[in-house]
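Encoded as structure tokens, the structure appears first; notes follow it.
The values are calculated or read from the model by the stated rules, or taken from the named source; none is laboratory data. Only a predicted model underlies this, so the values are computations on that prediction, with no experimental measurement involved. Every residue, glycine among them, receives a Cβ derived from its backbone with ideal geometry; neighbour counts consider all protein chains shown.
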Amino acid sequence: MPDSAPILYCRCAYAQVVPSDVKDQVLADLGESSASFEAVSDLCEFAAHRDPRLAELKQRAADQGLKIVACYPRVVKGLFQQCGQPLPEEKVTYLNMRTQTAEEIREALENA
């Protein structure tokens, strides 16, 4: 995977809405790559607790861009918006583990 915008990987640990095989394979692919990524247990939990890391992630997106591997883009956007940390749309790429296969996500990250 090219060394470009950092990657945020959400494990979606509490909602159990992302197929386990997809999130496991995506995480394995990230671990085997040279890409810079941060794995979080659950962005929904971050938002519920208004975790200050959301502001850091927003700033990182503004500075370097950000690729977010999670669930539906509208949900991720809404979580940041709800916490007063709207993401800069032109700098963020969303990959959806609910609708994309692990292979599709790997290819998108490699070609981004």
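Side notes on the structure shown:
- Selection status of Lys23, modelled with pLDDT of 95 or more, closer than 17 Å to Glu90 by Cα, surrounded by 19 or more Cβ atoms within 10 Å (Cβ to Cβ) and of a type in the set (D, E, K, R): no
- Only one entry of Asp42, Asp21, Asp63 meets the criterion of being over 21 Å from Asn111 (Cβ atoms) and either touching a Cys at 6+ places or on another chain (Cβ under 8 Å) or among the hydroxyl-bearing types (Ser, Thr, Tyr) (or both), and that entry is Asp42.
- Of everything in the stretch 72-112 that is among the β-branched types (Val, Ile, Thr) and touching a strand residue (DSSP E or B) at 6+ places or on another chain (Cβ under 7 Å), the residue that is nearest to Ala35 (Cα to Cα) is Ile105.
- Look at the stretch 77-89: where a residue is in contact (Cβ under 8 Å) with a residue 24 or more places away in the chain and closer than 16 Å to Arg53 by Cβ and a partner is of a type outside the set (A, V, I, L, M) and assigned to a loop (DSSP other than H, G, I, E, B), sitting 6+ places away or on another chain with Cβ atoms under 7 Å, you get Phe80/Pro86; Cys83/Arg50.
So that you can scan it fast, the table gives a plain yes or no per residue for (1) surrounded by 15 or more Cβ atoms within 10 Å (Cβ to Cβ); (2) among the hydroxyl-bearing types (Ser, Thr, Tyr):
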{"position": "Ser41", "(1), (2)": "no, yes"}
{"position": "Pro52", "(1), (2)": "no, no"}
{"position": "Ala62", "(1), (2)": "no, no"}
{"position": "Arg74", "(1), (2)": "no, no"}
{"position": "Tyr94", "(1), (2)": "yes, yes"}
{"position": "Thr99", "(1), (2)": "no, yes"}
{"position": "Glu103", "(1), (2)": "no, no"}
